[in-house]
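Working notes, structure below.
No lab work stands behind these numbers, since they all come straight from the coordinates. Predicted, not measured: the structure shown is a model, and the values here were computed from it. Every residue, glycine among them, receives a Cβ derived from its backbone with ideal geometry; neighbour counts consider all protein chains shown.
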Amino acid sequence: MTDKARIAVFISGAGTNMAALVYASRIEGCPYDVALVASNDPDAPGLALAAAEGIATFAQSHKGLTREAHDAAMEAAVIAAGAEYIVLAGYMRILSDGFVERWAGRMLNIHPSLLPLYKGLDTHARALEAGDSHAGTSVHLVTPELDAGEVLAQLAVPIVPGDTPESLANRVKFAEHQLYPRAVADYVGRWRDPAALLQRVRALALALPETDERESHGSPGFRVGGEKAGKFFAYFADQHHGTPHIACLVRTGSMDELLNLVESQPDIYYKPAYYGASGWVGIILNRPGVDWDEVAQWLQRSWRNVAPKRLTRLMDAADAF
Ligand code: GAR
């Protein structure tokens, strides 16, 4: 398995952002490859460039098709190309809700304004009209509501005297060509970024009742039961003792359970040095496709193993039914 993420880029026009994404992907260390360039316009100039670069292309005009049928054709091409993410780069079609929901968290867009300002069309004319000092660009996750998903990155671009919507659009594109490849790389590379992984583990661990965070032997640890009597139920381990793993350590029920997990699912679990004997298992987080619901369940179980009776009693009662 290559550890590069495969992205499909959707375009409708010139495709200069697509080109920026492609060339960034050719620089060593880029965490993604462009697996497909797809368009709703068979004459989109970007398609020829993609083809010349040896990238698979797909074009299907939306004319005469329902929105769902057109989206389905585009989606089939994405799946055939083995792409894990869809990156919209000047794709001027609204996508159907079903399609957006299926790709939730795996579809990004670049929009030529400083969101939440100026969603939709004619962003540059509106920024000029409003007398703004700056225009800009935003990269965001795509959600069913237009241009309203979480903003991942932004760059502001000054408006200069005499600007027209066209001159401003061109200047904003310089910024977009820098921003988009970086934002896509950061996003698809998150699964191996220790800071991002710790943030997720922390959010799940501290969402459990009466928990706090305390460092233990240089690692973030999570405890339950209060300041004095608190017990650790999880640790975050960043490539400890020569392992390549970034992991969340939790308590299993027993040494047998730990060994079983490690033997049957070695891609997911390992026995951490110095903790193993007491049944602590490492859940490997720096791999694609981590099931975060499962991590949350492990944290809850581990929490329950050491939480004081007054906290677990209610849960035990609920389980008895
Ligand atoms: C870009 O400026 C992008 O932000 C904008 O279209 C342009 C595409 O240029 N996207 C939108 O307006 C989306 N609503 P390109 O084809 O040269 O990359």
Rough spin-label spacing in nm, given labels placed 7 Å along Cα→Cβ, for Ala69 and Asp43: 2.3 nm
Residue order, fewest to most beta carbons within 10 Å, for Ser12, Ser278: Ser278, Ser12
Asn170/Ala318 FRET efficiency (R0 51 Å; Cβ-Cβ; nearest 0.05): 0.25
Cα-projected label distance for Asp291 with Lys309, points at 7 Å along beta-carbon direction, nm: 3.4 nm
Least to most buried among Thr16, Thr123 (fewest other Cβ within 10 Å first): Thr16, Thr123
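Does the chain come out rounded, prolate or oblate, given a ≥ b ≥ c as the square roots of the eigenvalues of its C-alpha gyration tensor, rounded meaning a/c under 1.5 and, failing that, prolate meaning a/b above b/c?
On the way: a/c = 2.36, a/b = 1.98, b/c = 1.19.
Verdict is prolate for the chain.
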Whichever aspartates and glutamates have a C-alpha closer than 16 Å to that of Lys173, once near sequence neighbours (fewer than 8 apart) are set aside: Asp122, Asp163
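Which of the three applies to segment 25-110, rounded, prolate or oblate, going by the alpha-carbon gyration tensor with a ≥ b ≥ c and a/c under 1.5 meaning rounded? Working shown, then result.
Values: a/c = 1.98, a/b = 1.28, b/c = 1.54.
It is oblate, given that a/c is not under 1.5 and a/b is not larger than b/c.
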For Thr252, residues with placed amide H under 5 Å, excluding near neighbours: Trp280, Val281
Asp122, Asp163 arranged by Cβ crowding within 10 Å, fewest neighbours leading: Asp122, Asp163
Mean Kyte hydropathy of 0.0 or more with a Cα span along the axis of at least 15 Å, helices from DSSP in the chain: 67-80, 194-206
19 Å Cα-Cα reach of Lys309 towards lysines, excluding residues that sit fewer than 8 places from it in its own chain: Lys228, Lys231
Inter-probe distance in nm under a simple model that places probes 7 Å from Cα toward Cβ, at Ala80 and Met255: 5.6 nm
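Taking square-rooted eigenvalues a ≥ b ≥ c of the alpha carbon gyration tensor, is segment 216-288 rounded, prolate or oblate, where a/c under 1.5 means rounded and, failing that, a/b exceeding b/c means prolate?
Details: a/c = 2.11, a/b = 1.37, b/c = 1.53.
Here segment 216-288 falls in the oblate category.
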Set of segment 276-317 residues, backbone N closer than 17 Å to the point 7 Å along the Cα-Cβ line of Gln239: 284-288
Distant-in-sequence amide H partners of Thr143 (H built 1.01 Å from N, under 5 Å): Ala148, Gly149
